[in-house]
């Protein structure tokens, strides 16, 4: 989850809401079509992306495609399981942010000496990594499929 969040600049809910059928390993793309949101009584539920621009298809680097393929193989999930979530809770259901943060994120940040770091910081890091490409004629798109300059105004702050 961390790698895909950092490399593609996805929000936590977008990563948690990825379904197997949205990954195209041959083309190396991922379609962001839904996200995990807090539903009734705080339970996780599938919902639409944050905005119309958040619904997008992004190209993945080969290393990410390979990492996701290995993750799915270890889970015993194939392309035939298109509706399955790529990342699941221990019970096999959708992830819940508060549990994931407490069980996975906070301990990992503490071990790495990165206390106080949030998942959204991965999105900011992704935008920052694209800075050199922002001055070229080939404008990269990040996060919500908006031009990088607009994303940088809101994503590279501290």
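How many residues does the range 55-65 contain that are loosely packed, with under 15 Cβ neighbours inside 10 Å and assigned to a loop (DSSP other than H, G, I, E, B)?
Counting residues in the range 55-65 that are loosely packed, with under 15 Cβ neighbours inside 10 Å and assigned to a loop (DSSP other than H, G, I, E, B) gives 1.
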- Item | Selection status of residue 117, in contact with a helix residue (DSSP H, G or I) (Cβ under 6 Å, 6 or more places away or on another chain), surrounded by 11 or more Cβ atoms within 10 Å (Cβ to Cβ) and closer than 20 Å to residue 8 by Cβ | yes
- Test: residue 76 is surrounded by fewer than 18 Cβ atoms within 10 Å (Cβ to Cβ) and over 21 Å from residue 128 (Cα atoms): yes
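If you check 9, 17, 13, which single one turns out to be closer than 19 Å to residue 119 by Cα, touching a helix residue (DSSP H, G or I) at 6+ places or on another chain (Cβ under 7 Å) and buried (at least 18 other Cβ atoms within 10 Å of the Cβ)?
Going through 9, 17, 13 in turn, the sole match is 9.
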- Within the range 38-54, can you find the residues that are surrounded by 16 or more Cβ atoms within 10 Å (Cβ to Cβ) and either without any contact (Cβ under 8 Å) to a residue 24 or more places away in the chain or under 26 Å from residue 103 (Cα atoms) (or both)? 44, 46, 49, 50
- Item | Single match in 35, 25 (criterion: within 15 Å of residue 4 (Cα to Cα), over 15 Å from the mean Cα position of the chain (by Cα) and at pLDDT below 95) | 25
- Item | Those residues of the range 119-139 which are at pLDDT 65 or above and part of a helix (DSSP H, G or I), in sequence order | 120, 121, 122, 123, 124, 125, 126, 127, 128, 129, 131, 132
- Which one is nearest to residue 40 (Cα to Cα) among residues in the range 105-114 that are in contact with a helix residue (DSSP H, G or I) (Cβ under 9 Å, 6 or more places away or on another chain) and surrounded by fewer than 16 Cβ atoms within 10 Å (Cβ to Cβ)? 108
- Message: in a helix (DSSP H, G or I), in contact (Cβ under 8 Å) with a residue 40 or more places away in the chain and buried (at least 18 other Cβ atoms within 10 Å of the Cβ): is that true of residue 68 in this structure?
- Response: yes
- How many residues does the range 79-97 hold that are exposed (fewer than 12 other Cβ atoms within 10 Å of the Cβ), within 27 Å of residue 43 (Cβ to Cβ), in contact with a helix residue (DSSP H, G or I) (Cβ under 9 Å, 6 or more places away or on another chain) and free of Cβ contacts under 8 Å to residues at least 40 places away in the same chain? 1
- Of all residues in the range 1-50, which are out of contact with any strand residue (DSSP E or B) (no Cβ under 8 Å at 6 or more places or on another chain), within 16 Å of residue 120 (Cβ to Cβ) and part of a loop (DSSP other than H, G, I, E, B)? 1
- Task: Return the total of residues in the range 59-85 being touching a strand residue (DSSP E or B) at 6+ places or on another chain (Cβ under 7 Å) and either within 13 Å of residue 25 (Cβ to Cβ) or modelled with pLDDT under 95 (or both).
- Result: 4
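The values are calculated or read from the model by the stated rules, or taken from the named source; none is laboratory data. Small disclaimer: the values here were computed from a predicted structure and weren't measured. FYI the Cβ positions are ideal-geometry reconstructions off the backbone, even for glycines, and counts take in every protein chain you see.
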